[in-house]
Amino acid sequence: MKENQTKMCTSPLSAWFLREKKETEILMRCIPSTVVSLFVVSVICMNLLANKTLLQNNWIAVDGGILISWLSFMCMDIITKYFGPKASNKIALLAASINVLTCLIFYIVSIIPSNADDYTALDSILGGTWFILLGSTIAFLASAVINNFLNWAIGRAFQKNPDGKLAYAARTYISTFIGQFMDNLIFATIVFVGFAPIFWDGFHWTVRQCIACALTGAVAELIMEIIFSPFGYRVVRKWKEHNVGREYLDYMNRGKEL
């Protein structure tokens, strides 16, 4: 019996799980809470704001998530630059999980009966729509992986000065534009082409509107990234100067050497 238990504990799957668990625990201890908090809040706000269409005509449609999504990508770019794409993917998964939990709490609050005069309007905001949550979660996770690994890959191209301003600008601008485009396109296609015509009395976006929205959103969010990227660059420099997260970085380096 003990031999079987030992074999189970030392199986490749069990070893991988324990390694990932330890790696995640170390990351959570090391990564600065301010960036993680901003990241999580921006993901939650992005999901709530996506319920409202700000602009729609024959050529383009834009939802409210465009106002805050740039912050999510800037946080991912900072984390990817300093801790690597795997760490950024884990924080993105954490943010998505907290967002789902928050939406569940909002939904429970929205279905609790109330005699307040304004409860109906509040319920429509808190309750949200299940397929918007589904679409935003899928789109966010897919675009996060694309953004993080593209950011990392571009950074590796700058062998001579990987920590310079040009390298940081190139990796953040390109990855943000492509990541944001995919995020907007996947979300709009799932929600406004796939589900909205069925559940919203025929309201929908055309494929052309989805592409225009994705492109417009990517450009707008790239502009915000350009404006605030100097701040992100300074954050990374400060982290390096103060040896932030050294335990996690050393742990990952030891793993590569094995």
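The values are calculated or read from the model by the stated rules, or taken from the named source; none is laboratory data. Please read all numbers here as calculations on a predicted model, not as lab measurements. Cβ sites come from the backbone with ideal geometry, for glycine too, and all protein chains shown count toward neighbours.
Please indicate, with yes or no, whether at least one residue in the range 189-212 is in contact with a strand residue (DSSP E or B) (Cβ under 8 Å, 6 or more places away or on another chain), aromatic (Phe, Trp, Tyr) and touching a residue at least 40 places away in the same chain (Cβ under 8 Å). Taking every residue of the range 189-212 in turn, at least one turns out to be in contact with a strand residue (DSSP E or B) (Cβ under 8 Å, 6 or more places away or on another chain), aromatic (Phe, Trp, Tyr) and touching a residue at least 40 places away in the same chain (Cβ under 8 Å). The condition of being of a type in the set (Lys, Arg) and either buried (at least 20 other Cβ atoms within 10 Å of the Cβ) or over 24 Å from residue 168 (Cα atoms) (or both) holds for residue 81. Based on this model, can you work out whether residue 225 counts as surrounded by fewer than 19 Cβ atoms within 10 Å (Cβ to Cβ), touching a residue at least 24 places away in the same chain (Cβ under 8 Å) and of a type in the set (Asp, Glu)? No; evaluated as a whole, the condition is false for this residue. Of the candidates 34, 6, the single residue that is of a type in the set (Val, Ile, Thr), modelled with pLDDT under 85, exposed (fewer than 11 other Cβ atoms within 10 Å of the Cβ) and in a helix (DSSP H, G or I) is 6.
In the range 202-258, which residues are over 22 Å from residue 38 (Cα atoms), aromatic (Phe, Trp, Tyr) and in a helix (DSSP H, G or I)? 251, the sole residue that qualifies.
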